[in-house]
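Written below as structure tokens is the structure these notes are about.
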Amino acid sequence: MAISLNKEKLRTQECEKLQEVSGTNVYSCYQCGNCTAGCPCVDAMDIPPHEVIRLAQFGQIEKILDSNTMWICASCVTCSVRCPRSVDISGVMEALRQIALQNGNEDVTKLGELSSEELEELPQIAVISNFRKLTS
Amino acid sequence: MEISYYPGCTLKTKAINFETSALALLEKLDVKAIELKDWNCCGVMFSQSQDNLMKQLAPIRTLIRAKESGRDRLLTLCSMCYNTLKRSALFIQENEDKRDKINDFMDLEETEYFGNEIEVVNILTLLDEIDKDKLKASIVKDAKDLKVATYYGCLLTRPKEVAIDNVEDPQIMENLLEAAGCKPVYFPFKTECCASFQVVSRKDIARERTRKIVDSARKNGAEMILLACPLCEYNLDKLQKELHEEDSTFETLPVLYVTQLLAILAGVDPEINDYSKHYIDPRPVLERKGLL
Ligand code: SF4
Ligand code: SF4
């Protein structure tokens with residue numbers, strides 16, 4: 001995928017916000033790919049975790065927000081504990097969700113699509129954590 | 001020994017077998033778990049965002065209740081509650097201004113919470129603290145080298161700051177079960193994620209995770225999977241049933257809370273378990289080992 005870059009595009013306000021909300025420095029990443037290698041949900045993601053961080057380094061937040069990646073992330077923290085550069089990738093995913101939701105992203109919880117039997121059967125912790133992670 | 005106990009939302013319903021078995025087991029080991037008064041849900045998942053403090057209120061309020069109980073340790077059975085309470089406490093310890101904001105927001109509370117007053121203790125840590133000789137002495141049934149796969153999932157070992165044991169290769173459950181006469185099998189998927197809450201909106205992902213985790217346990221000879229998280233339990237148990245219904249060659253393994261098995265081995269009546277809560281019936285395996 002070709003991306004044209006210039007000085008303005010590289011250090012965007014959105015990227016500053018992403019770092020502030022996640023409390024992590026995305027520029028520490030040296031693209032080893034460890035985060036992606038251990039991610040349990042990567043097969044279903046449009047953009048794998050290490051590429052998310054790379055795009056963030058280039059200020060390409062819009063591009064990331066257009067993907068499904070942060071909605072597929074299960075917040076398992078495997079990526080963050082294995083990162084040799086202490087990048088909190090899992091925290092970046094949370095920040096991306098927050099930014100998308102604050103920008104008025106549509107409801108992704110899909111609770112409305114579940115039948116009442118399914119809802120009744122799910123343990124509370126599944127439904128509440130789904131809400132916690134996918135709503136703001 | 002007395003310790004405050006926080007059940008959390010699911011332990012009174014879906015995960016009732018976890019609560020009944022753990023409390024019965026603790027009684028055998030002379031530990032009295034005293035339930036907090038007026039507790040609320042902790043929010044289940046820790047909020048990782050630095051600027052959304054609202055989501056820290058539920059766990060901090062729970063810790064306020066614990067502080068008001070007058071006991072300085074708080075037992076959780078659910079690994080999600082454990083993780084959230086512990087991370088929220090760390091969050092306000094490390095961010096004084098955010099802590100003050102959170103306390104200001106709850107100004108109707110009579111007690112303030114600063115971050116380190118309460119030690120949040122997971123059931124596995126509590127059992128591990130008990131002298132192994134005492135634990136062995138409490139075991140009255142022979143497990144006959146029952147082969148078990150110990151599944152930790154995510155929240156007991158990640159992130160590092162709240163891990164109950166080694167992040168990649170925890171051994172707490174194995175040590176307990178060995179002391180109780182079981183044979184933990186090699187299980188490289190023991191800290192792999194089951195896809196957690198994604199079961200709600202992306203069940204397809206959770207199913208594939210279940211398939212991989214159960215395949216690994218079975219290939220290594222396990223006769224059952226033991227765990228300590230109500231959401232992992234639901235995913236691995238229910239989704240195995242679905243996988244089997246779809247393809248009858250998929251071999252299932254029963255899934256139990258580790259306390260269900262330990263309680264039975266310690267002589268608690270196996271009938272305190274409500275077996276209708278299981279999707280894969282564990283009774284055939286328990287019967288084969290003479291444990292029912
Ligand atoms: S593990 Fe860390 S350093 Fe490696 S690619 Fe991922 S974020 Fe970058
Ligand atoms: S926290 Fe999200 S991105 Fe990181 S490994 Fe887990 S599912 Fe993948």
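Results, tabulated for the structure shown:
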| read-out | value |
| --- | --- |
| Residues (more than 7 Å from chain B (Cβ to nearest Cβ), polar (S, T, N, Q) and within 23 Å of A:SER22 (Cβ to Cβ)) located in the stretch A:97-135 | A:GLN102, A:ASN103, A:ASN105, A:THR135 |
| A:ILE99, sole failed condition from (1) farther than 25 Å from B:ARG209 by Cβ; (2) touching a Phe, Trp or Tyr at 6+ places or on another chain (Cβ under 7 Å); (3) assigned to a helix (DSSP H, G or I) | (2) |
| From the options B:GLU208, B:GLU178, B:GLU161, residue that is closer than 28 Å to B:LYS241 by Cα, outside the structural domain of B:LEU75 (by TED's automatic domain parsing) and of a type in the set (Asp, Glu) | B:GLU208 |
| Matching residues, the stretch B:155-176, being touching a helix residue (DSSP H, G or I) at 6+ places or on another chain (Cβ under 7 Å) and assigned to a loop (DSSP other than H, G, I, E, B) | B:LEU155, B:LEU156, B:ARG158, B:PRO159, B:ILE164, B:ASP165, B:VAL167 |
| Considering residues of the stretch A:5-23 that are polar (S, T, N, Q) and not in a loop (DSSP other than H, G, I, E, B) only, the residue surrounded by the fewest Cβ atoms within 10 Å (Cβ to Cβ) | A:GLN13 |
| Test: residue in the stretch A:24-35 that is at pLDDT 95 or above, buried (at least 16 other Cβ atoms within 10 Å of the Cβ) and of a type in the set (S, T, N, Q) | yes |
| Number of positions in the stretch A:66-89 that are within 10 Å of chain B (Cβ to nearest Cβ), more than 9 Å from ligand 2 (Cβ to nearest atom) and of a type in the set (Lys, Arg) | 0 |
| Residue within the stretch A:64-75 that is near ligand 1 (Cβ under 9 Å from one of its atoms) and outside any loop (DSSP other than H, G, I, E, B) present | no |
| In the stretch B:177-198, residue surrounded by the fewest Cβ atoms within 10 Å (Cβ to Cβ) [restricted to those that are part of a helix (DSSP H, G or I) and free of Cβ contacts under 8 Å to residues at least 60 places away in the same chain] | B:GLU178 |
| Members of the stretch B:99-138 found to be under 24 Å from the mean Cα position of the chain (by Cα), part of a loop (DSSP other than H, G, I, E, B) and assigned by TED's automatic domain parsing to the domain that holds B:LYS28, listed by number | B:GLY115, B:ASN116, B:GLU117, B:ILE118 |
| Test for B:LYS98: is it away from ligand 1 (no atom under 16 Å from the Cβ), within 14 Å of chain A (Cβ to nearest Cβ), of a type in the set (D, E, K, R) and surrounded by 20 or more Cβ atoms within 10 Å (Cβ to Cβ) | no |
| Residue within the stretch B:80-95 that is over 24 Å from the mean Cα position of the chain (by Cα) and among the polar types (S, T, N, Q) present | yes |
| Tabulated pairs, the stretch A:32-55, first within 14 Å of chain B (Cβ to nearest Cβ), second away from ligand 1 (no atom under 12 Å from the Cβ) and of a type in the set (D, E, K, R), C-beta under 7 angstrom, 6+ apart or interchain | A:PRO40/B:GLU192; A:PRO40/B:ARG209; A:ALA44/B:ARG202 |
| Of residues in the stretch A:20-31 being of a type in the set (Val, Ile, Thr) and within 14 Å of another protein chain (Cβ to nearest Cβ), the one farthest from ligand 2 (Cβ to nearest atom) | A:VAL21 |
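Yes or no, residue by residue, for (1) buried (at least 24 other Cβ atoms within 10 Å of the Cβ); (2) in contact (Cβ under 8 Å) with a residue 60 or more places away in the chain; (3) under 20 Å from A:ALA126 (Cα atoms); (4) within 14 Å of chain A (Cβ to nearest Cβ):
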position: B:ASN166; (1), (2), (3), (4): no, no, no, yes
position: B:ASN175; (1), (2), (3), (4): no, no, no, no
position: B:ARG211; (1), (2), (3), (4): no, no, yes, yes
position: B:LYS219; (1), (2), (3), (4): no, no, no, no
position: B:CYS229; (1), (2), (3), (4): yes, yes, yes, yes
position: B:GLU242; (1), (2), (3), (4): no, no, yes, yes
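The values are calculated or read from the model by the stated rules, or taken from the named source; none is laboratory data. Just so we're clear, the structure is a prediction, and the values are computed from it rather than from any experiment. Glycine gets a Cβ as well: all are built from the backbone with ideal geometry, and neighbour counts include every protein chain shown.
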